[in-house]
Amino acid sequence: MIGELKREQLQKTEVGVRARAFIVSALLIPLNAYWVGWMEAVKWTGHPTTYSLYFNTVLLLLALHCVNNLCRKALGCYLFTRAELILIYFSLCVGSALVGHDQSQVLLAVIGHVHYFKAPTNRYEELIMPNLPSWLVVTDLAALRDMYIGGSTVWTRQNFLAWFSPLLWWWSFWFSMLMMFMGLCILMIPQWVQHEKLSFPLAQFSLHITERGLYQNNLFWLGFIIPAFVNTLNNLHVMFPSVPEMHTHRINLGAFITSAPWNALGWTPINFFPFAIGIGFLLPVDLLFSSWFFYLIWKIQRVVVASLGYPTGGIGNPPYPHEQSFGAYVGLGLLTLWTAKRHIFETLKSGDQKDYIVSPKLSFALVVLGYIFLVWFSIHAGMQIQYAILFFASYVLVSLTVSRLRGEFGAPVHDLHFANPGAVMVQMFGTKPFTPKTLTVFALYYWFTRAQRSHPMPTAMEGLVIGEQLGIGKTMWLALWMAIILGIPSACYALLIPYYRLGAASSKVGGAQRGFGWEAYNWYLIPWLSVERKPNYGAMCFVFGGCAFVWLLHFCRYYFINFPFHPVGYAVSGTWSMEMVWFPLFIAWMCKAAVIRYGSSATYYMVRNFFIGLVVGDFVTGGLWNLYGAAFDKEVYRFNE
């Protein structure tokens with residue numbers, strides 16, 4: 001079921017999608033990209049794409065929904081059907097993912113860093129530039145100087161051509177990767193929706209907020225008022241310090257624990273994010289429990305390791321949280337393929353298309369062709385063939401897991417910081433097996449492996465699932481392709497335009513363009529090329545241990561009824577972003593468990609409106625204040641940080 005209606009009931013309420021929905025999407029995708037880029041990269045605030053539910057697209061959907069209702073009152077008819085609103089929403093979601101914090105923002109930083117920041121002290125010319133494929137980076141120093149200093153425009157002939165040539169190669173790479181993701185979505189959706197009955201909780205949110213009866217519900221407005229009051233009060237405090245502040249963010253428990261070994265807990269923030277509490281209430285209760293429970297287990301691991309005298313924290317140190325998380329993601333990806341293998345093989349063999357939006361054979365061809373191109377591209381850039389194959393095999397498994405987290409859990413975060421495939425391979429095998437060019441390509445690929453927060457695959461999959469439920473699956477498929485084709489260049493130029501105008505290295509612009517490129521080369525590549533690293537057998541064991549543990553949890557849930565621990569909760573809870581939302585998810589778990597234990601299904605659906613109100617109220621008021629700050633260059637309260 002989607003929302004409270006079955007698929008057949010939803011399809012009866014919808015009509016075909018008209019051209020106006022595609023036109024509005026095409027117009028809004030570049031504007032939305034500029035807004036996201038301005039918030040995240042220029043003003044360094046808001047960061048909507050660091051969470052799974054993007055407040056900017058929710059705000060735009062609500063705005064279109066309001067316009068729709070005003071048109072009905074004024075003209076007697078709706079401007080958009082519900083299906084058209086949902087199509088526009090998911091097109092904007094895909095566009096937002098492409099310009100997101102872990103996609104184009106890192107791409108521009110990585111390819112525009114080395115030739116501008118090279119200096120005798122950093123050894124870039126000695127170690128990096130001989131191995132750097134010149135066709136994949138910006139080499140024109142004058143064009144780079146204009147961008148980092150500002151007071152120029154990207155549209156001059158020299159500046160435009162300096163970026164266009166390497167970006168054209170990267171766009172072909174990006175398009176092939178997204179083509180592979182789209183094919184994987186089509187192949188996996190029938191298995192997950194029809195056979196495993198995954199509910200895609202976050203995808204349902206767009207249906208919840210376009211239900212006509214929601215806004216007549218008093219509990220919804222009660223939930224709306226709470227974050228609206230907090231956001232308004234705290235923004236007034238920022239503007240007028242004499243106004244009292246309601247401190248709800250980053251209350252660090254670790255600051256109160258100073259004695260060893262308990263101080264190894266480190267940063268343990270308590271946040272009261274209304275939107276995260278509201279989202280959490282919509283998620284499965286067993287997964288909510290596993291997420292915060294395993295988060296505490298990760299903290300206990302640090303204490304145990306510290307008590308044994310080992311250093312904690314950092315990359316490659318016990319208890320190897322990044323390596324465990326990577327192993328868990330890969331293990332879940334393998335588990336996903338294992339459970340779906342029979343269905344996919346039988347479908348490809350028979351050619352049966354009844355459960356598929358488009359031909360499964362076409363989808364499989366997209367996956368194969370996309371994967372082959374990515375491997376060829378990597379070899380052409382200098383990577384050894386065996387490691388190119390292994391790199392993208394592991395990345396595909398991580399991508400499947402991120403999509404699974406969203407489909408089964410509705411995970412509000414899924415970052416996997418400090419555990420990209422290249423870094424993990426170097427941890428496991430040392431630097432000796434890899435040529436300098438292979439290590440350099442690992443660093444170049446930092447732009448899509450730094451973290452997995454704005455990963456486009458789960459967003460596209462959610463759109464296809466809801467499109468199928470609304471009876472517009474093929475139309476949604478076409479809309480998402482349009483979003484990809486328009487979104488890729490929009491994601492890059494939405495950043496380059498303000499960079500050239502304001503100066504990417506100036507105080508007027510946030511640290512994305514400077515910091516992300518520095519990370520790729522100075523955290524990873526320079527140390528790899530400077531000193532030979534031996535295999536880290538501890539890291540290797542914990543990668544395989546994380547993989548094996550999720551399989552163990554899976555089989556325990558299969559053979560033991562009501563087994564409380566879920567492998568998805570273990571995988572998602574060990575990374576940085578869970579620090580931000582573990583406590584809101586704990587609150588949501590307590591509330592939902594109480595409703596399920598002491599109430600009925602009617603009670604749940606009634607109370608659910610309150611928690612939807614928390615999300616909408618936080619996103620609307622926080623988003624509007626953020627829009628005000630971005631438009632008038634004002635500091636505002638950061639409601640989600």
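The values are calculated or read from the model by the stated rules, or taken from the named source; none is laboratory data. Fair warning: this is a prediction, and the values are worked out from it, not measured in the lab. Ideal geometry is used to build each Cβ from the backbone, glycine not excepted, and the neighbour counts take in all protein chains shown. When the accessible area is computed, the model is the full protein with side chains, heavy atoms only, and any ligands, DNA or RNA have been set aside. Shrake-Rupley method; radii C 1.70, N 1.55, O 1.52, S 1.80 Å.
Assorted remarks:
- Spin-label pair residue 248-residue 225: with each label point 7 Å from Cα along the Cα-Cβ axis, the two points sit 1.5 nm from one another.
- Each Lys and Arg adds +1 at its Cβ and each Asp and Glu adds -1 at its Cβ; summed about the Cα centre, the chain shows a dipole of about 440 debye.
- Convex hull of segment 506-590 built on C-alpha atoms - directionally averaged projected area, nm²: 9.7 nm²
- Excluding same-chain neighbours fewer than eight residues apart, the lysines reachable from residue 508 by a Cα-Cα span under 18 Å are 43, 634.
- Where segment 14-131 is the region considered: accessible area per residue in Å², 1.4 Å probe: 33 Å²
- Normalised per residue, the accessible area of segment 396-538 is 26 Å², obtained with a 1.4 Å probe and no contribution from ligands, DNA or RNA.
- With R₀ set to 41 Å, the beta-carbon distance separating residue 341 from residue 296 gives a calculated FRET efficiency near 0.75.
- Rounded accessible area of residue 437 (nearest 10 Å², 1.4 Å probe): 100 Å²
- Protein-only accessible surface order, largest first, of 175, 256 at 1.4 Å: 256, 175
- The figure for residue 542 is an accessible area of roughly 80 square angstrom, using a 1.4 Å probe on the protein chains alone.
- Over the Cα atoms of segment 180-286, the radius of gyration divided by the Kirkwood radius equals 1.13; this is the Rg/Rh ratio.
- Residues in segment 621-641 that a label on residue 240 would reach, taking backbone N under 17 Å of a point 7 Å out along Cα→Cβ: 635-637
- Hydrophobic long helices, here whole DSSP H runs in the chain with Kyte-Doolittle means of at least 0.0 and Cα atoms spread over 24 Å or more along the helix axis, are found at 19-37, 55-75, 82-98, 157-189, 218-239, 285-307, 360-381, 385-404, 473-502, 537-559, 578-598, 601-632.
- Over 19 Å between alpha carbons, listed pairs 432/534; 118/534; 118/432; 349/474; 197/349: 118/534; 118/432; 349/474; 197/349
- Cα pair distances exceeding 20 angstrom across segment 327-433, given as percent: 53 percent
- Cβ-derived FRET efficiency at R0 60 Å, residue 140 paired with residue 593, nearest 0.05: 0.55
- Over the chain: helical MRE at 222 nm, DSSP H runs n ≥ 4 each giving -39500 (n - 2.57), nearest 500: -21000 deg cm²/dmol
- Area of residue 307 that stays accessible when all protein chains are in place (1.4 Å probe, Å², to 10): 70 Å²
- With the cut-off at under 18 Å, measuring from each backbone N in segment 338-370 to a point 7 Å along the Cα-to-Cβ line of residue 385 picks out 369-370.
- Sequence-distant aspartates and glutamates (8 or more away, or on other chains) whose Cα lies within less than 20 Å of residue 592: 4, 286, 408, 618
- Ranking by accessible area, most exposed first, for 132, 168, 70 with a 1.4 Å probe: 70, 168, 132
- Heavy-atom accessible area ranking, 1.4 Å probe, most first, across 34, 537, 395: 537, 34, 395
- Calculated FRET efficiency for the pair residue 556/residue 129, C-beta based, R₀ 45 Å, to 0.05: 0.30
- Matching label, semi-axes √(5λ) of the Cα gyration tensor in Å computed from the structure shown, candidates (i) 39, 29, 25; (ii) 35, 30, 28; (iii) 51, 34, 25: (ii)
- Taking 0.36 nm per residue of separation and subtracting the Cα-Cα distance, full extension of the segment from residue 233 to residue 310 would add 23.2 nm.
- Highest average packing first - 278-285, 469-476, Cβ atoms within 10 Å: 278-285, 469-476
- Nitroxide proxy distance, nm - points 7 Å out along Cα→Cβ at residue 122 and residue 355: 5.1 nm
- Diffusion constant of segment 297-371 at 37 °C, which comes from Stokes-Einstein with the Kirkwood Cα-pair radius and 0.692 mPa s, µm²/s: 207 µm²/s
- Solvent-accessible area, 1.4 Å probe, carbon plus sulfur percent, for the chain: 66 percent
- Taking 7 Å steps out from each Cα toward its Cβ at residue 77 and residue 530 produces label points 6.8 nm apart.
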